[in-house]
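**Q** Have a look at this one before I ask anything.
The values are calculated or read from the model by the stated rules, or taken from the named source; none is laboratory data. Since the model is a prediction, treat every value here as computed from it, not as a measurement. For neighbour counting, all protein chains shown are included, and Cβ atoms are generated from backbone atoms with ideal geometry for every residue, glycine included.
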Amino acid sequence: MSATHSPDRRDYQRMKTAEDLKRAAGFAAVDRYVRAGTCIGLGTGSTAHWAIVRTGERVAAGEQIAAVATSGVTERLCRELGIPVLAFGEREIDVAIDGADEVAADWSLTKGGGGALFREKAVAIAAGTFVVIVTPEKLVERLGAFPTPVEVVPYSLPYVRRRIAAAFGVEVAARGGTASPFVTDNGNAILDCAFGMVPDPAARDAELRAIHGVVATGLFCGLTDAVIVADPEGVRELLR
């Protein structure tokens with residue numbers, strides 16, 4: 001047998017890069033869930049990027065689609081692609097599409113790796129349908145391998161950091177460190193909390209939000225309506 005051969009379908013599948021898969025998930029979500037004349041929420045991050053790109057293609061082709069952006073980065077890309085941008089609350093959001101850092105078996109999520117968790121959660125809550133787009137490595141049995149982001153008012157940052165560390169006995173890191181602290185679009189800081197496995201994300205979210213100074217957490221519970229996963233075999237939609 002020759003050491004070389006013409007690539008078949010399986011070879012092409014193996015050649016797919018992570019970016020190819022993210023693109024496939026983003027395009028599939030827009031094509032399956034977005035209709036002309038609707039208002040959509042567009043997320044932030046490397047997978048959500050491709051949902052924005054696909055929306056831009058459809059707008060360029062003449063479809064009337066407006067968007068609510070979850071971050072300044074997303075808004076700038078929307079404007080570059082000619083997608084009309086609306087303010088949050090200006091119009092009902094029919095569907096929101098966003099990525100996730102983790103998707104658990106119960107469809108709870110860890111989000112906020114890109115720092116837009118407050119606005120992403122606001123849009124997910126407001127949307128008629130919330131679609132999550134991921135690649136296979138983001139699927140987990142329970143949340144916790146990825147540190148939980150917590151958005152905090154800067155004035156309260158030292159207090160909140162000490163409270164979380166003491167209450168849960170975990171390492172809590174201010175994103176960006178002291179040299180170049182990360183600042184959200186809302187002017188807040190982010191603490192990344194290494195909780196490990198989170199058996200009850202809804203309870204943990206409530207515990208964290210009860211600390212004065214916490215604006216929001218990256219634990220999204222009871223919001224997901226659909227999960228689209230792209231792997232080298234194709235694009236599939238998960239069933240509960």
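**Q** Of all residues in segment 152-182, which are free of Cβ contacts under 8 Å to residues at least 12 places away in the same chain and either assigned to a strand (DSSP E or B) or within 19 Å of LEU219 (Cα to Cα) (or both)?
**A** ALA165, GLY169
**Q** Additional query: Is it the case that PRO154 is farther than 12 Å from CYS193 by Cα and not polar (S, T, N, Q)?
**A** So PRO154 passes the test.
**Q** Would you please name the residue that is surrounded by the fewest Cβ atoms within 10 Å (Cβ to Cβ), looking only at residues in segment 85-113 that are within 18 Å of GLY222 (Cβ to Cβ) and out of contact with any helix residue (DSSP H, G or I) (no Cβ under 9 Å at 6 or more places or on another chain)?
**A** Applying the filter and picking the extreme gives ALA105.
**Q** Run VAL59 past the list (1) β-branched (Val, Ile, Thr); (2) closer than 27 Å to PRO136 by Cα; (3) surrounded by fewer than 24 Cβ atoms within 10 Å (Cβ to Cβ) and report the number of the one that doesn't hold.
**A** (2)
**Q** Residues to consider are ALA66, ALA116, ALA48; find the one that is surrounded by 19 or more Cβ atoms within 10 Å (Cβ to Cβ), touching a residue at least 12 places away in the same chain (Cβ under 8 Å) and farther than 24 Å from LEU219 by Cα.
**A** Checking each option against the conditions leaves just ALA66.
**Q** Given (1) of a type outside the set (Phe, Trp, Tyr); (2) modelled with pLDDT of 95 or more; (3) not in a strand (DSSP E or B), identify the lone condition not met by PRO149.
**A** (3)
**Q** How about segment 115-131: which of its residues are of a type in the set (A, V, I, L, M) and either outside the structural domain of VAL68 (by TED's automatic domain parsing) or assigned to a loop (DSSP other than H, G, I, E, B) (or both)?
**A** Those that are of a type in the set (A, V, I, L, M) and either outside the structural domain of VAL68 (by TED's automatic domain parsing) or assigned to a loop (DSSP other than H, G, I, E, B) (or both): ALA116, ALA127.
**Q** Out of (1) assigned to a helix (DSSP H, G or I); (2) at pLDDT 95 or above, what's the single condition that is false for ARG10?
**A** The number of the failed condition is (2).
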